[in-house]
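Right, one structure below, let's go through it.
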Amino acid sequence: MKKYNFNAGPSMLPHEVVEQTAAAVLDYNGMGLSLMELSHRSSEFKPILDEARALMKELLDVPRGYEVLFLGGGASMHFCMVPFNLLGCKAAYLNTGTWSTKAIKEARLFGNVVEVASSADRDFSYIPKAFDIPADADYLHVTSNNTIYGTQLRRDLDSPVPLVADMSSDILSRPVDVSKYSCIYGGAQKNLAQSGLSFVIVRESALGKVSRTIPSILDYRVHIANGSMFNTPPTLPVYTALCNLRWVKAQGGVAAMERRAAERAAIVYDEIDRNPLFRGTAADEDRSFMNIDFVMSPGYEDLEQRFVEYAAERGVVAIKGHRTVGGFRASCYNAMPLEGAKALAACMRDFENEINR
Ligand SMILES: *Cc1c(COP(=O)(O)O)cnc(C)c1O
């Protein structure tokens, strides 16, 4: 049976990307050696890293003056690295969920953090729209897609200060106006590669302005000066990222990814709205294209576990919601085919019929 993997992260990758990674593990390019066994300074690995960085720039139309880094660690490491490198006196943060809250907690270690708005009052089910951004802040930090709560800021805010964004779970899912950002970062394991890798797109002129001493390993400038090779990068995940970036390009780039994401999301949200057994948890206008959160309607709550099993029996796997929201979460990253969204919607319809029989 064909399986559709709705895991939130680590998550589904295009099958050919998984195959290419597997092949490289066994024998890279017919060398008789595994890619895992090659030096990161070898003549084989260097072009992998260079092409991956170049493709990130090409696909996201990254302007001059920005550098792309692939580093170890996850998005959480940048919760600390961003303020370490960019927060002089004051930074503004928009609190839209668990990940923003964690980013705020780390930033407070480095200076004055203004929480410009928060949607905690309604369980992070929406994105605050009206808020004042202090003009003397070094940056405004946003989480573009709230992986746990299923809300998404699908546009690049107009802000009097440069933006910094955690794009862990929607990078490469839409075109982005990078020029509005000082820094875009994320963990690779949602929409780029497997875990163990993080990406950063950083404006070089935003760096070097803070007076504190920064440990080398946490200094973006050190990583830029060393071309992402200050220390050993996670070589295999960088290769997977490269294969995935090539895949995105071959599919038509991020504009094509955005069209497909919209199509998939419409199929699932339409069924959530039609089906009396289910209801969505995120505010309509802020619904994420990447992580679709829904629960059983009042009166049907005890059917939750049964539906998870019902779907799994039909190849629709890993739809159980995050423990803080409960219910279901269908993560539909770039690799999810339209058929996956259709299969999930069909499961919901068939389940309704079975319950009403
Ligand atoms: C998954 C996730 C993180 C945490 O990533 P790690 O790589 O585990 O540190 C942070 N932010 C967002 C938006 C995420 O989806």
Could you order Met1, Met31 so the one with the most accessible surface comes first? Probe is 1.4 Å. Met1, Met31
What part of the accessible area of segment 57-128, given as a whole %, is carbon or sulfur when the probe is 1.4 angstrom? 52
Averaged per residue, the 1.4 Å probe accessible area of segment 254-356, protein heavy atoms only, in Å², is roughly 41
Antiparallel %, DSSP beta bridges [both residues in the chain], to 5: 55
Counting pairs of alpha carbon atoms under 8 Å apart in space and at least six apart in sequence, what relative contact order in percent does segment 254-356 give? 32
Please give the length that would be gained between Val114 and Asp177 if that part of the chain were fully extended, namely 0.36 nm times their separation in residues minus their C-alpha to C-alpha distance (nm, one decimal). 20.2 nm
Averaged per residue, what accessible area in Å² does segment 1-109 show with a 1.4 Å probe, protein chains only? 47
Accessible surface of segment 254-356, 1.4 Å probe, proportion on carbon and sulfur as whole %: 48
Rg/Rg_globular for segment 254-356, with Rg_globular taken as 2.2 N^0.38 Å and Rg from C-alpha atoms: 1.01
Relative contact order (%) - criterion: Cα under 8 Å, at least six apart; region: the chain: 23
Lysines whose Cα lies under 18 Å from that of Lys249, excluding same-chain neighbours fewer than 8 positions away: Lys57, Lys190
Compute and list, largest first, the equivalent-ellipsoid semi-axes of segment 86-241 from the alpha carbon gyration tensor, each √(5λ) rounded to a whole angstrom. 25, 21, 14
Expected output is a single nm value to one decimal: the length gained when fully extending between Arg279 and Asp132, i.e. 0.36 nm times separation in residues minus the C-alpha distance. What is it? 49.7 nm
So for R0 = 30 Å, FRET eff. of Arg221-Lys46 from the Cβ-Cβ r, to 0.05, ends up at 0.90
How big is the dipole moment of the chain about its Cα centre under a simple scheme where the beta carbon of each Lys and Arg is +1, that of each Asp and Glu is -1, and everything else is neutral? Debye, nearest 20, please. 400
To the nearest 0.05, the calculated FRET efficiency linking Asp123 and Ala255 through their beta-carbon distance, R0 being 41 Å, is 0.80
Rounded to the nearest 0.05, what FRET efficiency do Ser205 and Glu313 give with R0 = 41 Å and r taken as the Cβ-Cβ distance? Could you check? 0.15
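The values are calculated or read from the model by the stated rules, or taken from the named source; none is laboratory data. Every value quoted in this text rests on a predicted model; they were computed, and no experiment measured them. Quick reminder, even Gly has a Cβ in these numbers, built from the backbone with ideal geometry, and neighbours come from all protein chains shown. Calculation scope for accessible area: heavy atoms of the full protein, side chains included, ligands and nucleic acids excluded. Shrake-Rupley method; radii C 1.70, N 1.55, O 1.52, S 1.80 Å.
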